[in-house]
Each structure stands twice: as C-alpha cells, then as structure tokens.
Ligand SMILES: NC(=O)c1ccc[n+]([C@@H]2O[C@H](COP(=O)([O-])OP(=O)(O)OC[C@H]3O[C@@H](n4cnc5c(N)ncnc54)[C@H](OP(=O)(O)O)[C@@H]3O)[C@@H](O)[C@H]2O)c1
C-alpha cells in the first residue's frame, strides 16, 4: 500500500510509520520538520498543514490511505480532507476518548453522545475534546463511510512525548518515598502506541471505516502493577505510599498533570474513566504486556531521549517539596501504608 501520514515523526504517528514500513508499505510523511527526526525509509514532504499552498502540493500524489495524527482544529482537518479526497480513498483520523460528553463520569462506547462542534470550527471554538469531535465531522463530511475515526484512550510507550510514563519511570528511579495516588487496585486502560499502530495498519489494509474506541482492557494495568513494574524496570528501591483521592484533592494535587495518569475514581466507572471497546477487540486489537512497554520506554530514556517540551499542555509532575509535604501530612494523619 501507499500510505500518507500527516505528522509521522513524534509519537503515535512515528509508531504507525514504523509499523507500515515493517510491512513493506510505501510511506510518505508530511510535516514541517521542526522538532523530530524522520523515520528512515520514508518519503518526506515538508509542509505546514495550516498553509493552503503547502496542502495543495499533496494533490500531485496518489495514496491508498491517509493517517492523520496531527489534527486538532476542525477547519484545518477539513482543508486536508478536502484536498486528499481526490488522491486517497480512505482517511484514518487519530481522535480521542475526549469527544464523549459523558466521559469520564460514565462508561462510554461508540454510541455514546459526542460533543457538538461545527466541522469548520476554529481553534478557539472549544476545548480539546470538542474540537476533536468537530475534526471527526470534518473528515466524515469529505470521506463518509471511508472515514476511520480512532477514538483513542491514554497511549503510552517509547517516544511518548506527553511524558506521562516517562515521568513515573524517572520519579520511581529516583527512589525514596513516592506519593502513589488513589489505590493500587485502581484499574487503568492504557494502550501501547505500537499496538495502536499494528491495529491501525491492519484496518487500513482491510479498508475499514467507522468510529472505534481504542483503549486497553480494564486492568491493563492497575496503578499498583504499573508502579511496581516501574520499580522492577528501573531497579529502584522506592517505597510506594498510597494516598487516597480525597486527601490528594484536599491538598490541591491536580489530576492528570501533577501525578500523571491519575484522576479521582468515578463510582459509575469503577475506575477514573472507562471506555468500552468490544468492536476493536473483534477487529483484532491486541495488547502487549505493560511490563514490555515500560522496559522499552525506559531503555529509550537511558539513551538520553527526553519528552519534547509541550508548553501547550499543563506542566507535568509534582514538585518534590509539595510531594514530601503531602506525604508528611498523610503520615501525621496516622494512616500511612
Ligand atoms: N497521547 C495520548 O494519550 C493520546 C490520547 C488520545 C488521542 N491522542 C491523539 O493522538 C495523536 C498523537 O499523535 P503524535 O503523538 O504522533 O503527534 P502530534 O504530537 O499530534 O503531532 C506531531 C506531528 O505532526 C507534525 N505537525 C505538527 N504541526 C504541524 C503542521 N502545522 N503542519 C504539518 N505537520 C505538523 C509534527 O511535525 P513538525 O512539528 O515537524 O511539523 C509531528 O510529526 C494526536 O492526534 C492526539 O490527539 C493521543
């Protein structure tokens, strides 16, 4: 197949490129060449997707499918879809679980309500999830049933440039008492970018369209196994001190950012959030063990790789002083574990 990836040098896009090249597909990437290196073996087209003239250059190509991992603004995604409709019959869009109105309060499947956002909305017309919903509409407007909408949960693995798992690995490697959020039994649904990539390329080869939830199975992993596997991988003697959600919230710990991946439990989900994805499982989504994801991410970090700064996202990780103050307060409360 001939596959065009919009992006293709950062994290998920990079994994998709590697997977497609590994299957001997011809891969073209379109990006500005600003931050990351190109994956060896790709044909590179440099351009800015917000610039009409750069997009127009894609009219000269022919592909069997497009994968858009770098779309965040409906108007911008719609412009690409309008151009590419002429030269590629399938458009896979990296969307997000954040398109669902009731997430994280309720479990969500593909029939759950999605935010209402115009397909030509601009960057200031909504938050991340709302705009992703508008991007989906923009793709469907041009591609109809040939739009493949991958509603992704939390993705981890090598090159994860949000930096969530890298933060935990680095924190645990540093050792000492580690503020461990919630309970070790809390179930997450993480998915390795390389498993998303394998699944995506499978779907492209079959010409699959439609909306699909893509997340790990519940308990992949629990927070307890995640952090104890971080200890094994980094050979750390850290001591995990589990502190409950209410205590963390009352000490102003910000969910998702200060303790990455942690968010308070939602009773109706039996977890912080829950995505149901039986359709993806039926279509062949498979998961590698999280211990492999951690080992490979740590191995990459040991080469000196670091997540690229993302000034558009909230700062990741809790300040050392704040972590130790909360741990001291927790112990003073007499309930340390
Ligand atoms: N991480 C998660 O847990 C998670 C969860 C749900 C959904 N997602 C979705 O998964 C996707 C993540 O993909 P990713 O990590 O591979 O990449 P990304 O960070 O979204 O995009 C980066 C890629 O796009 C290129 N790019 C950025 N702006 C561009 C522009 N104006 N014109 C042309 N190219 C541009 C970048 O290269 P240059 O900068 O060199 O141009 C780079 O190749 C996103 O769509 C995200 O919403 C992620």
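Some observations on this one:
- Only one of the numbered conditions (1) touching a residue at least 40 places away in the same chain (Cβ under 8 Å); (2) more than 10 Å from the ligand (Cβ to nearest atom); (3) surrounded by fewer than 21 Cβ atoms within 10 Å (Cβ to Cβ) is violated by residue 185, and that is (1).
- Screening the candidates 283, 300, 294 for the property of being under 17 Å from the mean Cα position of the chain (by Cα) and under 23 Å from residue 192 (Cα atoms) yields one hit, 294.
- Among the criteria (1) touching a residue at least 40 places away in the same chain (Cβ under 8 Å); (2) more than 10 Å from the ligand (Cβ to nearest atom); (3) in a strand (DSSP E or B), the one residue 28 does not fulfil is (1).
- Checked against the criterion of being more than 10 Å from the ligand (Cβ to nearest atom), over 19 Å from residue 10 (Cβ atoms) and outside any helix (DSSP H, G or I), the candidates 83, 87 yield just one match: 87.
- Looking only at segment 141-170, and only at residues there that are away from the ligand (no atom under 12 Å from the Cβ) and out of contact with any helix residue (DSSP H, G or I) (no Cβ under 8 Å at 6 or more places or on another chain), the one that is farthest from residue 99 (Cα to Cα): 167
- Residue pairs whose Cβ atoms lie under 6 Å apart, sitting 6 or more positions apart in sequence or on different chains, and linking a residue in segment 223-238 that is more than 9 Å from residue 294 (Cβ to Cβ) to a partner that is modelled with pLDDT of 95 or more and part of a helix (DSSP H, G or I), are 231/172; 236/172; 236/173; 238/172; 238/231.
- Search result, residues across segment 31-77 that are more than 9 Å from the ligand (Cβ to nearest atom) and on the phi > 0 side of the Ramachandran plot: 41
- Inside segment 94-140, residues that are within 16 Å of the ligand (Cβ to nearest atom) and part of a helix (DSSP H, G or I) make up a count of 15.
- Test: residue 267 is over 21 Å from residue 162 (Cα atoms) and buried (at least 16 other Cβ atoms within 10 Å of the Cβ): no
- Taken together, 289, 221 contain a single residue that is surrounded by 12 or more Cβ atoms within 10 Å (Cβ to Cβ) and within 30 Å of residue 101 (Cβ to Cβ), which is 221.
- Every residue from segment 104-146 that is surrounded by 23 or more Cβ atoms within 10 Å (Cβ to Cβ) and farther than 21 Å from residue 209 by Cβ: 131
- Subset of segment 141-178 that is within 19 Å of residue 72 (Cα to Cα) and part of a strand (DSSP E or B) - its residue that is farthest from the chain's Cα centre (by Cα): 147
- Tally of residues being assigned to a strand (DSSP E or B) and within 11 Å of the ligand (Cβ to nearest atom) across segment 2-25: 2
- Evaluation of residue 177 against (1) under 20 Å from residue 277 (Cβ atoms); (2) modelled with pLDDT of 95 or more (one fails), failing number: (1)
- Residue that is surrounded by the fewest Cβ atoms within 10 Å (Cβ to Cβ) [pool: residues in segment 42-65 that are in a loop (DSSP other than H, G, I, E, B) and in contact with a strand residue (DSSP E or B) (Cβ under 7 Å, 6 or more places away or on another chain)]: 62
The values are calculated or read from the model by the stated rules, or taken from the named source; none is laboratory data. This one's a predicted model, so the numbers in the text were calculated from it and none came from an experiment. So basically every Cβ, Gly included, is an ideal-geometry build from the backbone, and we count neighbours across all protein chains shown.
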